[in-house]
Amino acid sequence: MDSFLDALQEGRLIELPDNDKHDSLQVLAHIIEAVPSVPNDTDVAGLVLSREETIVTAMGRGFACPHARVHYDEDLVSSIGWSPTGIDYGAPDSKPVHIIVMYLVPDNQRNHYLREISQLAKALQNTDNYEELSQAADLNTVRNYLLDLVSLSKNIVGFEARAKMIKLESREAVPEAHINVLSDIIVEPVSLLSLPNSKPIALAQNKELIDLLDNSPQLIDSIAAKGVYETASWRIIKKSISEYIGNRTVYDCIAIKVIGEKKGN
């Protein structure tokens, strides 16, 4: 389960901004798209959402594992989202999904992916502590829960993955505030009010984000046409649109910032 452990170690475990399946998949897909090794034009969100229309990827016991396959050779990449309230996902056991593990599967990693999914499924079969997961209160608790889950499959994972697991376990005592810093991801809700013959108004709690959007002349055009607006540091994703009298439009969005190394544009 080395890709799973990489996601934990490299800060790709996040608290999902709401309990909507579509929104959650979009957020996790865009986090994968921000990984430096993933080519810029890889539409992970589009691939995952298209596949989810025909296949339910919930595994039961609070987990779902959607994936996107791409026709190039690279590393297997995953991101992990935690929903405190749970997501109605159509799981086989009818339980809400609290953990979504999303994979990007290049052509050269299909066997690796199948092996990792099999290991995760076996680990889930060997645990019966759904209540612990459903009652988790913070990301640090969730991270420790996932490490315990990985430890159930130690007998079938390789030396490198096992070493990563031990390294992660040695950091269990890190305070929660530091864990949040280590995640290197900021997710902010933002609303955009588009007015005729006027500059759009951005509503958010993050001053850096507001200052950026207030000086982005292509913001509304990009959101309206593509559903996404990107800068060097932020990715704004459209969730929904509300139309009002007088050609006034409100775009409900999610803003994601990945701190640290970025892909080139």
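Quick look at the values:
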read-out	value
Pairwise label distance in nanometres, residue 71 with residue 141, each label 7 Å out on the Cα-Cβ vector	4.6
Long pairs among 21/207; 122/257; 207/238; 122/238; 95/226; 199/257, criterion Cα-Cα beyond 26 Å	21/207; 122/257; 122/238; 95/226
Nitroxide proxy distance, nm - points 7 Å out along Cα→Cβ at residue 244 and residue 198	0.9
Ascending count of other beta-carbon atoms within 10 Å, so fewest first, for 98, 67, 112	112, 67, 98
Residue 87 long-range amide H proximity, modeled H, under 5 Å	97, 98
Other-chain or far-sequence residues with amide H under 5 Å of residue 67's (modelled H)	103
Hull shadow area, averaged, the stretch 185-258 [alpha-carbon convex hull, nm²]	4.6
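No lab work stands behind these numbers, since they all come straight from the coordinates. In this text, all values refer to a predicted model and were calculated from it rather than measured experimentally. Neighbour counts run over all protein chains shown; Cβ positions are idealised from the backbone, glycine included.
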